[in-house]
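Down below is the structure, laid out as structure tokens.
The values are calculated or read from the model by the stated rules, or taken from the named source; none is laboratory data. On a predicted model such as this, the values are computed, not experimentally measured, just so you know. Counting neighbours? That spans all protein chains shown, and the Cβs are built from the backbone with ideal geometry, glycine included. These area figures cover heavy atoms from the full protein model, side chains too; ligands, DNA and RNA do not enter into them. Shrake-Rupley method; radii C 1.70, N 1.55, O 1.52, S 1.80 Å.
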Amino acid sequence: MNRTSKAPAPPSGKKSSCLWKTIRSHKAYYFFLLPTIIYLAVFCYAPMYGIQIAFKNYNGMLGIWGSKWVGLRHFRDFFGGYFFKQIFGNTLILSLYSTAVGFPIPIFVALLLNEIRCAKYKKFVQTVLYAPHFISTVVMVGIIIMVLSPTSGLINYIIVALGGEAQYFMIHPSAFRHIYVWSGVWQGMGWSAIIYLAALSSVDPELHEAATIDGASRFQRICYINFPTIKPTIIILLIMSIGSLVGVGFEKTYLLQNDLNSETSEVISTFVYKRGLLNASYSFSTAVGLFNNIINVILLLIANGIARWAGETSLF
């Protein structure tokens, strides 16, 4: 019986020489990559030095190293706090709602845009759909408040014209989630559809011609040709979306928030801002933010593992 022997692993010195040889042969690419590496090192990895204050009672006079070590006290205070269930529940519900509604809609938009044959009309529709993405968050919130105003808002004008009573939407806790999610869908669906349209551009026209000759309808060609083409892209973006499931954006939530709707609008990001900057509880807010990031990383690994186990495309 023949035995196959494994080739000996190259020594570490040889590995490093091969690495430098690869870098020298592709130095132009690495040169263009250098600004990104510097950006990540300065703004993403270097600030991790301050994570340790989550386990300390930070004092600005003593500095990070001189502050007293308290271990997991801030985490216990957050988990045992009166508002923990409400804040974590609001964050989770808002994230799941946003993902369930906001993720599939750009896919349908891209599939529909891809079916438009008139070039001028297609460009017009794309421009209309892309435009809201370039509106800043502050301006977007201002538009939302104006449209939903009980005195001069368009929505209440229509309600009153139909014989109803004007509604104060912004003060109803039950309305906050719908306002947040659907305004986000309107603002981002066109821009999010771009990556799917780029993937659809790689579809071979001969496939559609052959399917048409075989008697396939337009809907069947979308289901069996276009959708499988963008399926890997959908999986990758879904994994990334799940990886930020607990990371509800701060700006829009905070700007739409008021004392009357805080029952459903108070999320982890706004809570960290209020406790960390307004109340100067830097250690506590760092602990809460670290907990939020750990949950996101765990969800990302789980989603990526499931996609890889199912035999589909995965991030790594």
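Hey, among 174, 192, which residue is exposed (fewer than 13 other Cβ atoms within 10 Å of the Cβ), in a helix (DSSP H, G or I), touching a residue at least 60 places away in the same chain (Cβ under 8 Å) and of a type in the set (Ser, Thr, Tyr)?
Working: 192 fails: exposed (fewer than 13 other Cβ atoms within 10 Å of the Cβ).
Result: 174 is the single residue among 174, 192 that is exposed (fewer than 13 other Cβ atoms within 10 Å of the Cβ), in a helix (DSSP H, G or I), touching a residue at least 60 places away in the same chain (Cβ under 8 Å) and of a type in the set (Ser, Thr, Tyr).
Kindly evaluate residue 101 against the criterion of being more than 27 Å from the chain's Cα centre (by Cα) and open to solvent by less than 90 Å² (accessible area, probe 1.4 Å).
Judged against the criteria, residue 101 is not a match.
Take residue 244 and tell me if it is polar (S, T, N, Q) and closer than 22 Å to residue 142 by Cα. Criteria not met by residue 244. Taken together, the residues in the stretch 147-171 that are surrounded by fewer than 19 Cβ atoms within 10 Å (Cβ to Cβ) and in a helix (DSSP H, G or I) amount to 9.
When restricted to residues that are farther than 25 Å from residue 129 by Cα and among the aromatic types (Phe, Trp, Tyr), the stretch 192-250 contains 1. Total residues in the stretch 195-208 satisfying the condition of being assigned to a helix (DSSP H, G or I) and either farther than 18 Å from residue 237 by Cβ or not hydrophobic (A, V, I, L, M, F, W, C) (or both): the figure is 5. In the set (1) among the polar types (S, T, N, Q); (2) at pLDDT 90 or above; (3) touching a Lys or Arg at 6+ places or on another chain (Cβ under 7 Å), residue 67 fails one condition alone, (2). The set of residues in the stretch 113-140 that are open to solvent by 50 Å² or more (accessible area, probe 1.4 Å) and touching a Lys or Arg at 6+ places or on another chain (Cβ under 8 Å) contains only 137.
Of the helices (runs of 4 or more DSSP H) entirely within the stretch 209-316, those holding at least 1 residues that are of a type in the set (Val, Ile, Thr), open to solvent by less than 50 Å² (accessible area, probe 1.4 Å) and over 22 Å from residue 73 (Cα atoms) occupy 227-243, 250-256, 262-265.
Applying a threshold of 6 Å to beta carbon distances and a minimum spacing of six or more residues, or different chains, the list of pairs starting in the stretch 281-292 at a residue that is over 8 Å from residue 268 (Cβ atoms) and ending at one that is among the hydroxyl-bearing types (Ser, Thr, Tyr) and open to solvent by 30 Å² or more (accessible area, probe 1.4 Å) reads 282/58; 283/58. From the list 54, 131, 100, 110, the one residue that fits, being without any contact (Cβ under 8 Å) to a residue 12 or more places away in the chain, assigned to a helix (DSSP H, G or I) and small (Gly, Ala, Ser), is 100. Would you confirm whether or not the stretch 249-259 contains a residue that is aliphatic (A, V, I, L, M) and in contact with a Leu (Cβ under 7 Å, 6 or more places away or on another chain)? Checking the stretch 249-259: not a single residue is aliphatic (A, V, I, L, M) and in contact with a Leu (Cβ under 7 Å, 6 or more places away or on another chain).
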